[in-house]
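To start, the structure under review is shown below, and the notes come after it.
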Amino acid sequence: MSSLISSKEIVDFLKNKNLYINDNNINNSCDSISGLANNSNSNSNSNSNSLCWIRKSNYDLTLLSSVIVIVTSDFKDISKNKTIVYTKNPQLAITYIINKFFTEKSINSISGESSIDKTTMLGKNAHIASHVVIGKNCIIGENTSIYSNCVIYPNTIIGSNVIINAGSKIGQEGFGYIKDLDGNNIQFPHIGKVIIQDYVEIGSNTCIDRGALLDTEIGEHTKINNLVHVAHNVKIGKNCLITAQINIGGSVTIGDNVFIGPNSTIIDGISIGNGATIGMGSIVRKKVDSKTTIVPFASFEKREYIKILKNLRVK
């Protein structure tokens, strides 16, 4: 950063976010962010005008070169020259601080190398990177960023403050086939939409199919990692965390505040209740009730696994 940010600016900002508790009334300014791993001793190469955060209640501040330190409410060390800002949640505080003061914002940035149909509506301050293709009759909300090589198919609705990372495909026809009278596979028509609510983030190379007769919907503040497949007619609630390499089958319904671990598969038509946790590598074959935790099998040697199966009574 070229300009210095004062500790007063940091304090006032955290007050507005309702995270501020107190500070030691020492005024300093910063122009960068440092982590403890980068300035853990007095010979650190970190900028002496930096800001850092500490989640521990004890830490020797003489080991830090940072001049502004964001700490927990019960932090015990004191300093005569560093600004110490006590907060309700230092990790959340540093997240807000970075987004506010240390992240470049792209404003009205539409790459000339992208292809946007003239019928599409773009919200204020949308950022469209190079080689993005957006089809007919799409709606893109304010402050939404779509990164390189994404394809947004026709009739897709994307809310405000959404991030879609590079290579993702949104709104393509789903994988749904029926047999004709001769026994050949023909595609069942998919005439639904994909609707993505505000503050959703979608990782790179993720695919979200449009609905067949109903819409595929992603609730606000849900975060989807890289290499995820979301099939047609899926409904995902608010504030969910969908981690990498997950396959969500058609017509699955996922409640609010659900966590799904990496490499999990959700079979078609399953419903998962609010607040459920799906462990890494799970294969979900039946309904999951709210606040339930699904734990997959551990890794077993083949002969041991066969013995276990013989003792199981699978319903």
Which listed residue, of GLY174, GLY159, GLY167, is modelled with pLDDT of 95 or more, buried (at least 17 other Cβ atoms within 10 Å of the Cβ) and farther than 30 Å from GLY35 by Cβ: GLY159
Which numbered condition ASN247 fails, given (1) of a type outside the set (Lys, Arg); (2) closer than 25 Å to LYS169 by Cβ; (3) touching a residue at least 24 places away in the same chain (Cβ under 8 Å): (3)
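Rundown of residues vs (1) surrounded by fewer than 20 Cβ atoms within 10 Å (Cβ to Cβ); (2) modelled with pLDDT under 95; (3) part of a loop (DSSP other than H, G, I, E, B), yes/no style:
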| position | (1), (2), (3) |
| --- | --- |
| PRO189 | yes, yes, yes |
| SER204 | yes, no, yes |
| ILE208 | no, no, no |
| HIS221 | yes, no, yes |
| LEU227 | yes, no, yes |
| ASN239 | yes, no, yes |
Options VAL288, VAL230; residue that is more than 29 Å from ASN155 (Cβ to Cβ) and touching a Ser or Thr at 6+ places or on another chain (Cβ under 8 Å): VAL288
Region 229-242: number of residues that are in contact with a strand residue (DSSP E or B) (Cβ under 9 Å, 6 or more places away or on another chain) and over 16 Å from ILE270 (Cβ atoms): 2
Within region 156-187, tally of residues that are part of a loop (DSSP other than H, G, I, E, B) and either farther than 19 Å from ASN125 by Cβ or in contact (Cβ under 8 Å) with a residue 40 or more places away in the chain (or both): 16
Which numbered condition SER290 misses (of (1) exposed (fewer than 15 other Cβ atoms within 10 Å of the Cβ); (2) at pLDDT below 95): (2)
Flag for ALA276 being touching a residue at least 40 places away in the same chain (Cβ under 8 Å) and either touching a strand residue (DSSP E or B) at 6+ places or on another chain (Cβ under 8 Å) or surrounded by 16 or more Cβ atoms within 10 Å (Cβ to Cβ) (or both): no
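The values are calculated or read from the model by the stated rules, or taken from the named source; none is laboratory data. Model, not experiment: these values are computed from the prediction. Neighbour counts are summed over all protein chains in view; Cβ atoms, including those assigned to glycine, are modelled from backbone coordinates with ideal geometry.
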